[in-house]
Every structure is written in structure tokens, then in C-alpha cells.
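> Dropping the structure in here first, questions after.
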Amino acid sequence: VPLRIATGDVLRAERAGRGPTSLPTPQDFSGGGLTEAYESAHLACVLVVDEAGLDGLAELYRRTAAGTSGAELNVDTALREVLGYGIDEFESRWRAQLRTLAGWLGLDDVTVVDRGDLAPALRAESP
């Protein structure tokens, strides 16, 4: 599912200056902000996958669930083990990603021009 569709509401809120200021908490997944919570969590997963791959995301889930220190500390510890940095740095990177995507995906009038098959050129450039 394209990010523009999967996270459209939270990206529109960010463009309007009403985006989330922190990662969603368990309480955010009930009540009025449900869409923003799920879309924000989706972007957090995208960030993990970008940095550690799908296996890294699965490992983050396993380590968080296996922790015994409470949800917030479990997440911080799991992030440090999987990504090499904790929740504060992760949240900072997530906010930067949100701002970037809100600006980039907000270009509704962008036209994609077919430039042909770039695969041969890319293969020729790779080591």
C-alpha cells in the first residue's frame, strides 16, 4: 500500500501544522485519534524496515514482547539492541521522516514521465 494512502491523514495533519509530536502510546489506540495512532505507528515501522529490514522489525517485536521492564523501557531496550540507539533518537528520526514525507508526498501535481527501462543503466553502475 503506498504511503500516501496508508498514512494520508497523518501526513495531511503534519502539512497543516497539526501532526503528532510524539510516537503513539497504547492509550492512543482507543478513542478519537485512532487513525493518527495507526498511521503514526505504520510510519515508525517503515523507519525500522528502512534501517534494519523486515527481519529487524520482526526482531524488534520479539524483543519488545520478551522484555520484563514495562512497555516503554522494553521498547527502548529493543531499539538499542536492534537499531543501535534508543527511543529518544528513534522518535527524533521518526519526526524528521514525518516532516519529510509530509512535504514530499504533498506534491499532488507531480507528473511522472516514463523514461524507459533504467535497470540496464543501474546494473552497469553497480560494483
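Laboratory data are not the source of any read-out in this text; all were calculated from the coordinates shown. What you are looking at is a predicted structure, and each value in this text was computed from that prediction instead of being measured. As a convention, Cβ positions derive from the backbone with ideal geometry for all residues, glycine included, and neighbour counts pool all protein chains shown.
> I'd like to know which of Gly70, Ala44, Trp104 lies farthest towards the positive end of the charge dipole of the range 1-105, counting +1 on Cβ of Lys and Arg and -1 on Cβ of Asp and Glu.
Trp104
> Can you work out ³J(HN,Hα) from phi for every residue in the range 88-94, in order, using Karplus 6.51 cos²θ - 1.76 cosθ + 1.60 and θ = phi - 60°, giving whole Hz and x for Gly and Pro?
Karplus values, whole Hz, x for Gly and Pro: 5, 5, 4, 5, 4, 5, 5.
> At 0.36 nm per residue, minus the direct Cα-Cα distance, what do Glu89 and Asp9 gain on full extension? Give it in nm, one decimal, please. All intermediate terms of the calculation are to be shown ahead of the outcome.
Details: separation 80, 0.36 × 80 = 28.80 nm, distance 2.43 nm.
Full extension from Glu89 to Asp9 adds 26.4 nm.
> At 0.36 nm per residue, and after removing the present C-alpha to C-alpha distance, how many nm does the segment from Gln27 to Leu54 gain when stretched out fully? Don't skip to the answer; put the middle values down first.
On the way: separation 27, 0.36 × 27 = 9.72 nm, distance 2.60 nm.
Extra length from Gln27 to Leu54 when fully extended: 7.1 nm.
> I would also like to ask the following. Determine the gain in length on full extension of the stretch Arg80-Ala66; use 0.36 nm per residue of separation and subtract their C-alpha separation, reporting nm with one decimal. Walk me through the intermediate numbers first.
Numbers: separation 14, 0.36 × 14 = 5.04 nm, distance 1.45 nm.
Stretched fully, the Arg80-Ala66 segment lengthens by 3.6 nm.
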